[in-house]
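In what follows, a single structure is set out as structure tokens and then discussed.
The values are calculated or read from the model by the stated rules, or taken from the named source; none is laboratory data. Predicted, not measured: the structure shown is a model, and the values here were computed from it. Neighbour counts are summed over all protein chains in view; Cβ atoms, including those assigned to glycine, are modelled from backbone coordinates with ideal geometry. Only protein heavy atoms, including side chains, enter the accessible area calculation; ligands, DNA and RNA are left aside. Shrake-Rupley method; radii C 1.70, N 1.55, O 1.52, S 1.80 Å.
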Amino acid sequence: MIRVVVADDQALVRAGVRMMLEAAGDMEVCGEAADGAEAVRLAERHRPDVVLMDLRMPRVDGLEATRRILAARPSARIVVLTTFAEDENLYAALGAGALGFLVKDDPPAHMVEAVRRAAAGEPPLAPSVLRRVVERALAAERQTLPPPAALTEREAQVLTLIGVGLSNAEIAGRLHVGVTTVKSHVAALIEKLGLRNRAQAAVMAHRFGLVDAAFTPVAPSREGPRR
């Protein structure tokens, strides 16, 4: 059973999300928060698999709540709930470590599947959305780094495919390995690079030059990552 905390200042929204998720049969809403401070308390008390976090709430907003939850529990999986996909605070939340985001008027089936993906550690980000996240991050930093020597060749391959926007299952199919193996590589490279999640890993794949501007893999040079 996937345990979820829903944080939104509108009771009607919380009720609607609860109804959609619990109708799926494999999810339980273990807490509802009307503001960010309450969301932090519920996340600490219940340690849910996923926190659905509205950004615009009274007292403590969703961005600050995201930072506090991840500071106390870096492995927490937070998915932003937003009304507008172009909300400027959305990208700040992703930079702070949120796993992905959902637009509140998304179809119920999309929301349910996104929560399942988040619970499995995969960001509910479409490739088009990932493209915008990467472009904004690169525009802000404008810095190119040398290839990550700490990564194995396989980890660098996985990082490249994360940068393209592939899921664990798609990466497994591309590399002809099991999904569990891919998950292990993802966890290892995120730890080695000091990242919070796959969205940040995708940005790093571009900064390392592993993926080009068209979101296609770049052939490794002879001086690529060591085995």
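Restricting attention to segment 92-101, does a residue exist that is in contact with a Gly (Cβ under 8 Å, 6 or more places away or on another chain), farther than 28 Å from residue 177 by Cα, at pLDDT below 90 and not hydroxyl-bearing (Ser, Thr, Tyr)?
Yes, because at least one residue in segment 92-101 is in contact with a Gly (Cβ under 8 Å, 6 or more places away or on another chain), farther than 28 Å from residue 177 by Cα, at pLDDT below 90 and not hydroxyl-bearing (Ser, Thr, Tyr).
Being buried (at least 23 other Cβ atoms within 10 Å of the Cβ) and within 12 Å of the chain's Cα centre (by Cα) narrows it down to one residue among 117, 77; which is it?
77
So residue 47 ticks every box in (1) at negative phi; (2) at pLDDT 95 or above; (3) of a type outside the set (Val, Ile, Thr) but one. Which box is left unticked?
With respect to (1) at negative phi; (2) at pLDDT 95 or above; (3) of a type outside the set (Val, Ile, Thr), residue 47 is out only on (1).
Counting only residues that are open to solvent by 40 Å² or more (accessible area, probe 1.4 Å) and of a type in the set (D, E, K, R), which one in segment 176-210 is nearest to residue 132 (Cα to Cα)?
Filtering segment 176-210 for residues that are open to solvent by 40 Å² or more (accessible area, probe 1.4 Å) and of a type in the set (D, E, K, R), the one nearest to residue 132 (Cα to Cα) comes out as 196.
With the requirement that a residue be among the charged types (D, E, K, R), closer than 20 Å to residue 95 by Cα and not in a helix (DSSP H, G or I), what does segment 50-76 give you?
54, 56, 61, 73
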